[in-house]
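Novice: Once you've had a glance at the structure underneath, I'll fire off some questions.
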Amino acid sequence: MLYNLIMAKLTYFEERNKKNNMSVGKYCENLPEFCYDFFIGIENTTSPLTRMNYAMDLTVFFHFLSEIFHKKSTEFTLDDINKIKSSHIEQFLSYLSFYEINGKTYKNQDTGKKRKLSSVRSLFKYLYTHNLISSNEASKIATPKIHQKEIIRLEKNEISKLFDTVEESNTFSHRQKMYNKNTFDRDNAIITLFLGTGIRISELVGLNVEDFDFSQNAFVVTRKGGNRSTLYFSNEVAEALKLWLSRRSTLEIDNNEKAMFISLQNRRISTRAVENLVKKFSKEAAPLKKISPHKLRSTFGTELYRETKDIYIVADVLGHKDVNTTKKHYAAISEDMRRSVANKVSLKDN
């Protein structure tokens, strides 16, 4: 009996997961054999992106160990791991400040060191809980202290200037202006959607036309971990999106291309392209601030909190599982709140 197998086209997120899984396999070719078992073991509790980051970090870790023990990364055995002491891992954290691989120099701040230590801890924990090593030396290492960075966001006047720049820049060359004119509807819709909903760049890039319902001003996003959530947008955002869709309908796009936002090659726009367009326009609107899509997300979070004063609503809209993550967005407006309550307590009867 013959069967006609119809291969459904993978979604953006499925393609991304497939690519990350393939990357893990590539990294494993240059890692000890037991690392492969580790990645199989954590597959049901981690995302492909997390595993790829682990693979990248462990590649650096075993490169460091290869210099210490004078053997190739692939030659390490579980007996070798049993010989590793906490002092070796402390040396690794110090090594991460500046190190060289294949003639290229890398450096890590505390955030990078923390992530790599987390990857090493995950490996050691797996090996220890599966009785493959006698002790978990990585668990003895203190997590590097992360110094709180200033949360950068746009102010009201900078938001207005950003939209003005998207429409007509004062500093761009004639050639740049002609290019921007050709992409205005798309770029304006992207900036408006970021500032009007606070979605992540991966969520925006993964959107399809069919994800939008303008009768309810709603759309569905794929959050971290693959969960799907319905978000709502204002009439202002709807207007920008409809203008772009009207423009999109005039382009020669393959019927199989369902992406909401496309490149000049009429394919799904890439995260790099979105990062570049945000950087391009914000450089003129706020020259002293390094604005990225994530900073636009922080801008939305701040404005939403100022309007609602409800951090749990903001956490839900932003897709934060932990409300403490959300609180980081509001360091800059704590002064506003302190000022607003300054006269709430009376010391004398009037």
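Novice: Per the Cauchy relation, a quarter of the hull surface: what is the mean projected area of the convex hull of the alpha carbons in segment 92-234, in nm²?
Specialist: It is 15.2 nm².
Novice: Once label points are set 7 Å from the Cα along Cα→Cβ at both Ile152 and Asn255, what is their separation, rounded to one decimal in nm?
Specialist: Here the modelled spin labels are 4.6 nm apart.
Novice: So for segment 56-122, Kirkwood radius off the Cα pairs, Stokes-Einstein at 25 °C and 0.890 mPa s: how many µm² s⁻¹?
Specialist: 200 µm²/s
Novice: Which value, in Å to one decimal place, does the Kirkwood hydrodynamic radius take for the chain when every pair of different Cα atoms is included?
Specialist: Taking the inverse mean of 1/r over all distinct Cα pairs, the chain comes out at 23.7 Å.
Novice: Suppose each label sits 7 Å from its Cα in the direction of the beta carbon; what would the Thr308-Leu288 distance come out to in nanometres?
Specialist: Each label point lies 7 Å from its Cα, and together they span 3.1 nm.
Novice: Let me ask you something else. Roughly how many Å is it from the Cα centre of segment 117-136 to that of segment 78-93, as a whole number?
Specialist: 11 Å
Novice: Another one. What does the net charge come to around Thr50 if you take all other residues with beta carbon closer than 12 Å to its beta carbon, with K and R at +1 and D and E at -1?
Specialist: Local net charge: +1.
Novice: Under 20 Å from a point placed 7 Å out from the Cα of Tyr106 along the Cα-to-Cβ direction: which residues of segment 66-80 have their backbone N that close?
Specialist: 66-76
Novice: Could you line up Glu15, Glu252 from fewest to most neighbouring Cβ atoms inside 10 Å?
Specialist: Glu252, Glu15
Novice: Per residue, how big is the convex hull around the C-alpha atoms of segment 156-334? Give it to me in cubic angstrom, could you?
Specialist: About 123 Å³ per residue, rounded to a whole number.
Novice: By counting other Cβ atoms within 10 Å of each Cβ, how are Lys161, Lys83 ranked from fewest to most?
Specialist: Lys83, Lys161
Novice: Please compute the length gained on full extension between Ser135 and Glu90, using 0.36 nm multiplied by the number of residues separating them and subtracting their Cα-Cα distance.
Specialist: Result: 14.6 nm gained on full extension.
Novice: Rank the residues Asp110, Asp254 as a footprinting-exposure proxy: fewest other Cβ atoms within 10 Å of their Cβ go first.
Specialist: Asp254, Asp110
Novice: Going out from 0 in 5 Å bins, what whole percent of all Cα-Cα distances in segment 12-140 drops into each bin?
Specialist: Whole-percent P(r) values from 0 Å outward: 2, 10, 20, 24, 22, 14, 5, 2, 0.
Rule-based calculations on the coordinates, nothing more; no lab input. Predicted, not measured: the structure shown is a model, and the values here were computed from it. Note: ideal-geometry Cβ built from the backbone for every residue, glycine included; neighbour counts use all protein chains shown.
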